[in-house]
Amino acid sequence: MRITYYHFSSVDSTNSWPKRHKADFTKDELAIITADEQTQGRGRHLRHWHSPKGKNLYLSFAFFAAASSAPAPFFFSQLAALCLAAVLKNHSIDAQIKWPNDLLVAGKKIGGILTEAEKTEEDTFIILGIGLNVNMTKNDLATIPKAATSILIETDNEIPIKTIQDELVKEFLLLWEKTKKEGTQPLEKEWLKKVSWMLSKEITIVENEKELKGKVLAIEQDASLTLLLDDGTHYTVRSGDLFLR
């Protein structure tokens, strides 16, 4: 696979840019899009992702996967979460993976993932966006409504963004090659272990604007959640926003 880097001082979103330039990529190319800042950074459901210049890692992988062998899009979120957890571990930070797409440290968000897929009969164009708080200070994070942290806060060390970027790319290539050789199951099992801390947690899930309250009974192989709702019924969730109670 040919690796091509596209770096911008400023871009609307590292996920939006490859969408617009999909026709320019070759089938054997892994495009790695990075930026010093995003003017319209976004998370799931088009939510704004705070993206100050020079503080954090804003990176998207974009590539084609053959339709006949491409994993389900959510698998790439799982893969990215494992990559981020490994990178943070390199810096002595133990992060938890929170379903479906967040990395937490002591309950505070440090990173997030946005996977997008465009399918045709021949292939699937995957865009795997990753945001990681690297050198944000407590004052920087005070503007974010949700509890958040950064590598700087957790380690008291300012680290070059390029260092974190290189570590993430190395981990991604390693795990993606592993997947090609062994299939998705080994990484899916590892991801399940990493999210097992959520079992029995009291949660609220917002699914299609409907709010559900209950307890996590199981996290299934397909990454869906089995819940015991407060009214005593069982319910399966495959997507939504999860909040710990």
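Couple of notes before you dig in:
- If you go through the range 4-24 and pick out every residue that is closer than 15 Å to L128 by Cα, surrounded by 15 or more Cβ atoms within 10 Å (Cβ to Cβ) and either touching a residue at least 60 places away in the same chain (Cβ under 8 Å) or among the acidic types (D, E) (or both), you end up with 4.
- Residue pairs whose Cβ atoms lie under 7 Å apart, separated by 6 or more positions or on different chains, with the first residue in the range 51-70 and under 19 Å from I32 (Cβ atoms) and the second hydroxyl-bearing (S, T, Y) and in a loop (DSSP other than H, G, I, E, B), are Y58/T14; Y58/S51; L59/T14; S60/T14.
- Enumerated strands (runs of 3 or more DSSP E) restricted to the range 188-245, each holding at least 3 residues that are out of contact with any helix residue (DSSP H, G or I) (no Cβ under 6 Å at 6 or more places or on another chain) and open to solvent by 50 Å² or more (accessible area, probe 1.4 Å): 210-219, 234-237
- Residue list for the range 99-134, restricted to those being of a type outside the set (V, I, T) and in a loop (DSSP other than H, G, I, E, B): W99, P100, N101, A106, G107, E121, E122, N133
- Condition check for T143: in contact (Cβ under 8 Å) with a residue 60 or more places away in the chain and surrounded by fewer than 18 Cβ atoms within 10 Å (Cβ to Cβ): yes
- Scan of the range 162-187 for residues that are among the polar types (S, T, N, Q), within 23 Å of H91 (Cα to Cα) and either open to solvent by less than 50 Å² (accessible area, probe 1.4 Å) or under 15 Å from the mean Cα position of the chain (by Cα) (or both), ordered by number: Q165
- Here the condition is being in contact (Cβ under 8 Å) with a residue 60 or more places away in the chain and touching a Cys at 6+ places or on another chain (Cβ under 6 Å); of E171, E188, it holds for E171 alone.
- Residues that are part of a loop (DSSP other than H, G, I, E, B) and either crowded, with 21+ Cβ neighbours inside 10 Å or at positive phi (or both), drawn from the range 87-98: S92, A95
- Taking the numbered list (1) within 30 Å of F63 (Cα to Cα); (2) over 21 Å from the mean Cα position of the chain (by Cα) in turn, L212 passes all entries but (1).
The values are calculated or read from the model by the stated rules, or taken from the named source; none is laboratory data. Since we're looking at a predicted model, the values are computed, not measured. Don't worry about glycine lacking a Cβ; one is built from the backbone with ideal geometry, like all the others, and counts go over all protein chains shown. Surface areas here come from the heavy atoms of the whole protein model, side chains and all, with no ligands, DNA or RNA. Shrake-Rupley method; radii C 1.70, N 1.55, O 1.52, S 1.80 Å.
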